[in-house]
Amino acid sequence: MPAPILPDGISNGPVAKRAKLDVSREKSSAPLVHRSKIFAPFRTVGLVSPTDVPFTSLPLGKTTFQITTSVGRSLQTYDLKKGLNLVFITKPQTPEIITATLAWKKVVLAAWGGQGAEATRGVWLFQRGKKIGELEPPRRMYENLTQIRVFGEWIVGCCSTKLEVWKSATLEHYTTLYGSSSSDLSGSICTMPTFLNKIFVGRKDGSVEIWNLSTAKLLYTLLPPASSFGAVTALQATPALSLIAIAYESGPVTIHDVRLDKEVLRLNIGASLKSSVTSLSFRTDGMGAGDDGRKDGVMATASRASGDITFWDLNEGGRKMGVLRGAHNPPPSASGGIGGGISKIEFLPGQSILVSSGLDNSLKTWMFDESPFSPTPRILHSRGGHAAPISTLRFLPSNSDGSDDVGKWLLSASKDRSLWGWSLRRDGQSTELSQGAIQKKAKKMGLLSSSSADSKLHAQLEDLKAPAITCIACSLNRDGGMGAMPGASGIWNNSTKTKGTKKGSEVNMTGWESIVTGHVGDKSARTWFWGRKRAGRWTFDTGDGTEVKSVAISPCGTFALIGSAGGALDMYNLQSGQHRRRFPTRLSQAEAKKLKLQQLQSEDSLLDAHSQPVKFGKGQGKHKGAITGIAVDSLNRLVISSGDDGKVKFWDFASGLLLHEIDWYPMTKILAMQYHRGSDLIALSCDDGSVRVVDIETKKLIRELWAARSHAELQVVDCIFSNDGRWIIAATSDSIIRVWDLPTGHLIDAMKLPSLCTTVAFSPTGEYLATAQEGGVGVDIWTNRTLFTHVSTRHISEKEIATISAPTASGEGGEALIEAAAEEEPEEEAQDETMVPIMDQLSDHITTLSLVPKSRWQTLLHLDVIRARNKPKEAPKAPEKAPFFLPSVSQDPFTTTESSALASTLSENTSRISSSALASKSAAATSTTEFTRHLALAAQTEKYSPLLAYLSSLPPSAADVAIRTLDNMAPYTELHTFIQALTAKLEERKDYELVQAWMSVFLRLHGDVIARDAGLIKYLRKWQEEAKRERERVGGLVGYSVGVVGWVRSVR
């Protein structure tokens, strides 16, 4: 199996977008959708070196090196001094997959091309992640470049049958070189010092040709020692002049003197002749060889067919110094199928550091120690990711301590038997959770001492890791961080077989494991420490010895629940690892006989059973099929389980008794279950292509969501709730991600991806949606537009499903949260909005607040304070004169016209200010006149709603003027009308806070007038009685509600 690469669908991204934009300009009856309404592509995480394109390095001064890898259609640059931190990602993306790279001076050259002779090809130049130019394309370029070299004034690209040559100064195409040999090029080219304008090219027949680029002539051909050596797999110039290292397909590596055409040294022969060397590198710091490591002459070799790196001492005939076993994952074995092997190794110039990249999506640096001397290096830095397609994704839940890393961490499990934690804020913090000292175990078992071609040993090496993860459960409420378990402790022990007491270690605990996983074909679930990023202490066996199918952790973080393929449901304590309960509970022999007798008696009364609710006894209710989902409610009172027997069961957490059961057999089987803790809803994905939503409080089915019109036409691969429980996002077998709105039941959004989506996860903060595609080793991140913009809940049709490209590693074409929110919505969306009726009041028995902003009526209450605060403390002063060394305007004769124009402009501005002041005064007068007209109309008709509606629409200053200018002369008609209007509004129980604010301002302005008139006091007392009655009623309801809540929360 080849190494994992990016999906092929990504290579058509920009071309497809251009085609869509052109088509969208034409008129069509069917709506053309190019993007999702809710989700926007952001970027892809987890890609380091997923392709077989070798990395390239570039010295950055004398302090550090930059290493660039290919991730499909983008390049990622890492800084060695910063611990292989990611510093650049190239933009824009290349139109096709990158096939070769080379770092030269300050730029990086990237050759790209598609499959087939008609595909587009080219070579782009990037600097600091940005495209700065491209090489002139040849007239006929039907083959992809597999290797690039730059020396002197030449840029050389190697194809399968020819060499393309450019000038490095002008980037113009110079010539194309064709050989006379019938054998194709092997893809290996190199240059040598002191050989001006000469390029060395390897062929598949084992010969090495020497070309002069200036004259475009073949000068000489170095023949292989024997025809059985095969093709040239690697070429590398040695630090010694005129010597070149040549690796052949059959395994040997020869050191050849070019001037004498004579073989100097031959290595990798005899018993080790099993795999071909595909990468060579020489150490140039003058150290590392000899018994004490003080001599020069160290060569490192590696192969794509092995994960080992071999080091050779070229002094005194050459000898093997040592082998770095397991530097990268081995190549795919008969039982594996993950990416492995080494794509390239390189000694950094003048440094004792070796850089290696593997086909397992990893990049590593190794350092040689001088004292004590060791012929093999130790690991210095490492960056990696999954080497096989991702199977499961889950965001870490929020922590009980209220930390700010909610939504930051994403857990992913893959078929390569690894568990990774990805940081969405800083890539350097992403890490793989350790499974113990795998290399030490393999070394003790002798798995690293044999040849890398033995697939049986590779299978055993893979078996040292836990099997591939199928399900994940997590709760951080009891996670103790880095210091959760002080001292050394074993990993994955079976607590039922552990001897001795554990009281000493439990005393010093600050937390325990927070992650539980189920594995393929394994009867045991495993625990993990999230804070320590390592494997946990326990394995939990299923009760019936069958495979683990589902796992869950209680919200308190203390108990883990394990569901098996045979229907057993067991609960373990994460702190002690002890088995606590089985669902249903175990029966003694006497209880089992009694239960069997009750079952025989119940068979005689089956007809009466339908009219009465079913009651389950102790030991009853076990699932008859695999348990596909487990959930625990927020208060640790209920355990909900679902199975492929079509049943949803509700268990009592404390006693293990079955309380209720929903039976859908034989109508459907339940494939998976998701629980939303905030709304107490569970989503059940069924084999008939539906997602059923059940309320665990009422135990009723509330929604049935269908991905297709006909049953069993599509399968739901995975589904998840949104963070607020309003949506259900489901990935189906037709490569479409669908979003349903639970309140309306509408399908509000859908997007079709280039390949099948295997798993989905939604961020607890609602920011991101994470997806994984079939065959991909990266995690696609999507942003949520609804955080900053409105999205319609209108039901969409199949024709409106968006066909979009997946996110990319560079983030090109993607949108961050703010960018997605600022994007303009199409005009057609407004016409399709679902009209929701607007009601001023749900019921006349409910006190209703107004829709007026809070700041408006609060400003009205404190308007005098605001005016006093905003009043200037002193008169404006004239600006100070300019310093003597600055010329004045009068000294420049050319500024006379400009100064006059400026003066006219200032005069115009002054006139505008004065006119605006007059306009504001006239507006206030107009509003006062309009308010007086509404008062008079209300006094005649006794309809006060138009009057108060107009008053609520006025700004605070205008409302203050309107209330202040009420006629306070006898017979006080306007004052009477205003008090009656406020009383009527209070009786309607509407705009409660506005009525209080207006009355407060009214009493402050006209209190002295009201105190002198008995009629006004009578109306005011009527308003006071109504306000008191409403206040007491609302206060009684609030007190009753507080009492009920307190009783419910109290311990009974």
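The values are calculated or read from the model by the stated rules, or taken from the named source; none is laboratory data. Here the structure is a predicted model, which is why all the values come from computation and not from measurement. Ideal geometry is used to build each Cβ from the backbone, glycine not excepted, and the neighbour counts take in all protein chains shown. What goes into the accessible areas is simple: the full protein's heavy atoms, side chains included, and nothing from ligands, DNA or RNA. Shrake-Rupley method; radii C 1.70, N 1.55, O 1.52, S 1.80 Å.
ASN399 passes every criterion in (1) in contact with a strand residue (DSSP E or B) (Cβ under 9 Å, 6 or more places away or on another chain); (2) more than 30 Å from ASP291 (Cβ to Cβ); (3) in a loop (DSSP other than H, G, I, E, B) apart from (1). Only one of the listed residues (THR233, THR254) is open to solvent by less than 10 Å² (accessible area, probe 1.4 Å) and either assigned to a strand (DSSP E or B) or not assigned by the TED database to the domain that holds ASP313 (or both). That residue is THR254.
Right, VAL852: farther than 30 Å from ALA40 by Cα, at pLDDT 70 or above and either assigned to a loop (DSSP other than H, G, I, E, B) or in the same structural domain as GLU993 (by the TED database) (or both) or not?
Numbers: farther than 30 Å from ALA40 by Cα: yes; at pLDDT 70 or above: yes; either assigned to a loop (DSSP other than H, G, I, E, B) or in the same structural domain as GLU993 (by the TED database) (or both): yes.
Answer is yes for this residue.
Show me the strands (runs of 3 or more DSSP E) entirely contained within segment 644-761 in which 3 or more residues are open to solvent by less than 20 Å² (accessible area, probe 1.4 Å).
647-652, 681-686, 690-695, 716-721, 727-732, 736-741, 746-752
Can you give me the number of residues within segment 55-80 that are touching a residue at least 60 places away in the same chain (Cβ under 8 Å) and part of a strand (DSSP E or B)? Before you say what the answer is, go through the steps one by one.
First, pick out the residues of segment 55-80 that are touching a residue at least 60 places away in the same chain (Cβ under 8 Å): 55, 57, 59, 65, 67, 69, 71-74, 76, 78, 80.
Subset that is part of a strand (DSSP E or B): 57, 59, 65, 67, 69, 76, 78.
Number satisfying all stated conditions: 7.
Taking every residue in segment 750-771 that is within 18 Å of TYR675 (Cβ to Cβ) and pairing it with any residue that is among the acidic types (Asp, Glu) and in a strand (DSSP E or B), at least 6 positions away or on another chain, the pairs with Cβ-Cβ distances below 6 Å are THR759/ASP718; VAL760/ASP718.
Within segment 574-614, being of a type in the set (S, T, N, Q), within 25 Å of SER641 (Cβ to Cβ) and at pLDDT 60 or above holds for GLN575, SER576, GLN578, THR585, SER588, GLN598, GLN599, SER602.
I'd like the residue in segment 489-505 that is under 23 Å from SER524 (Cα atoms) and at pLDDT below 65 and, out of all such residues, is most open to solvent (accessible area, probe 1.4 Å).
Applying the first criterion (under 23 Å from SER524 (Cα atoms)) to segment 489-505 yields 489-502.
Next, from what is left, pick out any that are at pLDDT below 65: 498-502.
Numbers: THR498: 54, LYS499: 187, GLY500: 59, THR501: 122, LYS502: 48 Å².
Across segment 489-505, the extreme among qualifying residues is LYS499.
Of all residues in segment 190-218, those that are without any contact (Cβ under 8 Å) to a residue 24 or more places away in the chain and more than 18 Å from VAL253 (Cα to Cα) have Cβ atoms under 9 Å from Cβ atoms of residues that are aliphatic (A, V, I, L, M) and open to solvent by 50 Å² or more (accessible area, probe 1.4 Å), 6 or more apart or on another chain, in LYS198/LEU219; ASN212/LEU196; ASN212/LEU218; ASN212/LEU219; SER214/LEU196.
Please indicate, with yes or no, whether at least one residue in segment 190-209 is among the small types (Gly, Ala, Ser) and open to solvent by 30 Å² or more (accessible area, probe 1.4 Å). Don't jump to the end; show me each part of the working.
Taking segment 190-209 first, the residues among the small types (Gly, Ala, Ser) are 202, 206-207.
Filter again for open to solvent by 30 Å² or more (accessible area, probe 1.4 Å), leaving none.
Within segment 190-209, none of the residues are among the small types (Gly, Ala, Ser) and open to solvent by 30 Å² or more (accessible area, probe 1.4 Å).
For segment 960-1052, the helices (runs of 4 or more DSSP H) that sit wholly inside it and include 2 or more residues that are open to solvent by 80 Å² or more (accessible area, probe 1.4 Å) are 992-1011, 1014-1049.
Tell me yes or no: at least one residue of segment 289-300 is among the β-branched types (Val, Ile, Thr) and more than 17 Å from LEU348 (Cβ to Cβ). Show your work before the answer.
First pass over segment 289-300, keeping only residues among the β-branched types (Val, Ile, Thr): 298.
Imposing the further condition that a residue be more than 17 Å from LEU348 (Cβ to Cβ) reduces the set to none.
No: segment 289-300 contains no residue that is among the β-branched types (Val, Ile, Thr) and more than 17 Å from LEU348 (Cβ to Cβ).
Residue count for segment 762-803 satisfying the condition of being part of a loop (DSSP other than H, G, I, E, B) and not hydroxyl-bearing (Ser, Thr, Tyr): 15.
If you take the residues of segment 462-481 that are assigned to a helix (DSSP H, G or I) and out of contact with any Phe, Trp or Tyr (no Cβ under 9 Å at 6 or more places or on another chain), which of them is least open to solvent (accessible area, probe 1.4 Å)?
This residue is GLU462.
Open to solvent by 40 Å² or more (accessible area, probe 1.4 Å), in contact with a strand residue (DSSP E or B) (Cβ under 7 Å, 6 or more places away or on another chain) and touching a residue at least 12 places away in the same chain (Cβ under 8 Å): does that describe GLU134? For GLU134, the condition - open to solvent by 40 Å² or more (accessible area, probe 1.4 Å), in contact with a strand residue (DSSP E or B) (Cβ under 7 Å, 6 or more places away or on another chain) and touching a residue at least 12 places away in the same chain (Cβ under 8 Å) - is met. Within the span defined as segment 704-719, every residue fails to be under 22 Å from ARG35 (Cα atoms), within 20 Å of the chain's Cα centre (by Cα) and among the small types (Gly, Ala, Ser). Hey, could you check segment 139-185 for residues that are basic (Lys, Arg) and assigned to a loop (DSSP other than H, G, I, E, B) and say which is surrounded by the most Cβ atoms within 10 Å (Cβ to Cβ)? By that ranking, first place goes to ARG140.
Among residues of segment 252-268 that are farther than 23 Å from TRP211 by Cβ, those with a beta-carbon under 6 Å from a residue that is crowded, with 16+ Cβ neighbours inside 10 Å and of a type in the set (Ser, Thr, Tyr) at least six positions away or on a different chain give the pairs ARG266/THR254. The set of residues in segment 560-577 that are surrounded by fewer than 22 Cβ atoms within 10 Å (Cβ to Cβ) and under 22 Å from GLN435 (Cα atoms) comprises ASN573, GLN575, SER576. I'm trying to understand the selection: among the residues of segment 81-106, which are in contact with a helix residue (DSSP H, G or I) (Cβ under 9 Å, 6 or more places away or on another chain), more than 15 Å from ILE132 (Cβ to Cβ) and in a loop (DSSP other than H, G, I, E, B)? Across segment 81-106, the qualifying residues are LYS82, GLY83, LEU84, GLN93, PRO95, GLU96, ILE97.
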